[in-house]
Amino acid sequence: MLLRVQAIHRPRRTPVAPHPAAAPTDPATTRPSVDALRARPRSKVLVIGGGINGVGTFRDLALQGVDVTLVERGDYCQGASGASSHMIHGGIRYLENGEFRLVHESVVERNRLLRIAPHYVKPLRTAIPVFGTLSGLLNAPLRFLSHRSGKPRARGAVLIKMGLALYDAFSREGGRVPRHQFVGRKRALAELPRLRPEVKYLANYFDASVHNPERLTLDVLRDGLEATPAARAVNYVGAVGTHDGVVRLRDELTGEEFDFAADVVVNTTGAWTDRTNAALGTATHFMGGTKGSHIVLDAPELLEATGGREIFFEHTDGRIVLIYPIGDRVLVGTTDIDAGEDLVPVCTQDEVSYFFDLIRHVFPGVPVDPSQIVYTFSGVRPLPRHDDTAPGFVSRDYRIEREAVSRDAPLRLSLVGGKWTTFRAVSENLADAVLGELGLVRRESTAERPIGGGAGFPEGRAAQRDWIAAHLPASLDPLRAEVLLERYGTRAEEVAAFLAGGPDRMLESTQELSVRELAYMARHEQVGHVVDVLIRRTSLAFRGLVTPEVIGEVAETLAPHLGWESERVHSEVRHAERTLGDFHRVAFGPRATQIEGAMNV
């Protein structure tokens with residue numbers, strides 16, 4: 001998928017139209033991971049697509065001892081997986097669509113991820129402000145039966161109470177979160193005094209959040225690579241064609257192409273599934289994705305107004321939206337617009353206006369304006385083709401399409417749908433389908449297997465301090481130790497040992513990265529471009545902390561580890577500035593600038 005990423009530096013101004021930023025290539029650059037594919041150009045299974053569902057399937061198959069290879073045209077988690085609302089949730093609103101199986105599975109998987117990935121998945125207290133009592137009771141059956149939004153009609157307290165009661169019932173299996181609570185107007189305004197005064201009730205319940213979806217994806221990938229020597233995964237390698245029963249792959253960093261054979265091909269390219277199948281010689285019409293955009297604000301008053309809770313509510317157009325505190329920033333989203341053929345989404349001015357309108361709808365007295373935007377992003381949800389069904393009612397469930405193209409061609413399985421919360425279950429089902437085709441049986445379950453740095457992760461501040469004291473060098477600065485634990489989970493012990501293996505210093509442009517940590521990322525995390533570090537290996541871009549100095553220093557530091565000559569370093573800086581800036585104006589400086597770009601996935 002193509003994902004456009006935008007951000008704004010203070011002082012800021014309103015976003016403008018996007019421009020694509022071409023990624024630099026270097027024919028002289030060689031990568032051992034790509035060389036390994038050329039040296040052994042065959043696997044039992046080839047997974048195409050490195051979003052969370054593709055990476056999860058890769059991990060599951062590798063844990064079964066399967067000879068599996070994954071290729072991703074861009075960086076891991078660069079598409080829709082990296083453009084999510086950062087929520088791990090059961091999808092309470094899907095109850096209205098009648099998707100009870102999906103909601104049940106989602107809640108169970110939410111509870112499971114809280115157990116097996118506690119380093120990245122945390123409980124999230126959520127509040128629904130309710131402005132009516134009986135409204136929506138007549139509209140809900142119509143929406144359920146027709147799957148069309150019709151004239152917006154607010155969901156009242158009775159309808160929301162019924163949904164939350166059912167949600168609680170689904171949550172009983174392996175639950176670690178409290179049941180919902182309903183409070184009246186007086187208590188609601190006492191808890192959240194900046195709420196719109198017309199509020200009648202406040203419904204409180206728990207879901208979960210994932211503040212670092214990109215790093216969780218990398219952790220899942222690492223599990224797969226460590227599960228069996230036969231497992232291989234490479235980013236910046238695309239599937240561009242097929243002939244004589246083999247898939248044609250292209251190294252997107254050098255432009256070189258080579259053949260690769262597999263018995264089963266698994267297409268997990270999300271909104272690009274049909275286009276990937278077309279490149280592989282078969283026209284399909286499975287997908288009908290919708291565009292979702294978000295903005296990130298540095299808005300202290302709004303952050304305080306949320307009271308540390310996600311505010312999840314129905315806007316005046318009937319769209320379910322959210323205001324979500326993440327650290328010292330506030331995430332606001334999301335839209336749900338038919339993407340059509342446009343798989344290169346960008347957050348538009350109309351969407352930005354919509355977000356500020358919804359903030360004023362629920363917090364009318366809280367001052368916010370576009371100058372507080374530090375980041376915007378947009379992606380296309382990998383939803384099934386839905387014809388005239390309203391976007392908000394398109395199923396979030398998933399299915400697997402099987403295609404036996406010809407006797408000589410590999411069997412192809414295409415994933416249609418799938419969402420972040422259910423990635424483990426989706427991956428398990430896809431892996432089981434592959435195992436069935438290969439005549440193999442599952443030998444290990446992923447249901448309770450900790451993910452990466454979630455193994456032995458200490459919960460609570462006191463436990464984390466004890467863990468740091470027991471596992472990280474005493475010479476490590478306490479704040480630096482906390483950053484490493486937050487970024488890597490218990491794999492921070494391995495990272496800290498690497499940092500201690502040579503001279504190290506913090507970058508001059510940021511206190512969140514060191515010279516040795518960038519070397520670690522280059523060696524162990526398949527960095528292909530500077531923007532991979534800024535957007536997906538760290539949260540610097542998300543939090544609006546990228547400067548020209550950061551870009552330049554990161555590029556210079558990575559260069560010797562990735563074999564970049566001077567010209568490649570300069571092209572990486574230009575690429576990052578185009579990707580993270582409006583290159584029709586001053587990319588960075590004292591004036592506000594919009595960060596915008598397009599990256600192949």
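Computed from the coordinates by the stated procedures, all read-outs in this text should not be read as laboratory data. Just so it is clear, the structure is predicted and the values come from calculations on it, not from any experiment. FYI the Cβ positions are ideal-geometry reconstructions off the backbone, even for glycines, and counts take in every protein chain you see.
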- So what is the diffusion coefficient of the chain in µm² per second by Stokes-Einstein at 4 °C and 1.567 mPa s, using a Kirkwood Rh over Cα pairs? 52 µm²/s
- Message: If I take the Cα coordinates of region 269-418 and project them onto the principal axes, what are the three extents in Å, biggest first?
- Response: 65, 28, 26
- Note on the structure: Normalised Cα Rg of region 179-326, dividing by 2.2 N^0.38 Å with N its residue count, works out at 1.61
- Note on the structure: Taking region 502-560, the whole-percent share of alpha-carbon pairs separated by over 13 angstrom is 56 percent
- Message: Can you give me the convex hull volume of the Cα atoms of region 436-499, divided per residue and expressed in Å³?
- Response: 117 Å³
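Can you tell me the order of 188-195, 120-127, 282-289, 106-113 when each peptide is scored by its average per-residue count of other Cβ atoms within 10 angstrom, highest first? Display every interim value, and only then the final one.
Working: 188-195: 16.5, 120-127: 21.2, 282-289: 18.0, 106-113: 23.9.
Answer by packing, highest mean first, reads 106-113, 120-127, 282-289, 188-195.
For GLN464 and ASP504, what does the FRET efficiency come to when R0 = 25 Å and r is the distance between their Cβ atoms, rounded to the nearest 0.05? Please report the intermediate quantities before stating the final value.
Numbers: r = 22 Å, r/R0 = 0.90.
The calculated FRET efficiency here is 0.65.
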- Message: Based on alpha-carbon centroids, what's the gap between region 273-330 and region 390-446 in Å, whole number please?
- Response: 24 Å
- Query: Using alpha carbons only, what's the Rg to Rh ratio of region 44-85 with Rh from Kirkwood?
  - Reply: 1.02
- Message: If you filter region 188-270 for chymotrypsin sites (Phe, Trp or Tyr not before Pro), then keep DSSP loop positions with at most 13 other Cβ within 10 Å, what is left?
- Response: none
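Quick one: divide the alpha-carbon radius of gyration of region 308-387 by 2.2 N^0.38 Å and tell me what you get.
Values: Rg = 13.7 Å, N = 80, 2.2 N^0.38 = 11.6 Å.
Ratio of Cα Rg to 2.2 N^0.38 Å: 1.17.
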- Item | Gyration tensor (Cα) of region 175-231, equivalent ellipsoid semi-axes in angstrom | 44, 13, 6
- Quote the Stokes-Einstein diffusion coefficient, in whole µm² s⁻¹, for region 485-534, based on the Kirkwood radius over alpha carbon pairs, a temperature of 37 °C and a viscosity of 0.692 mPa s. 287 µm²/s
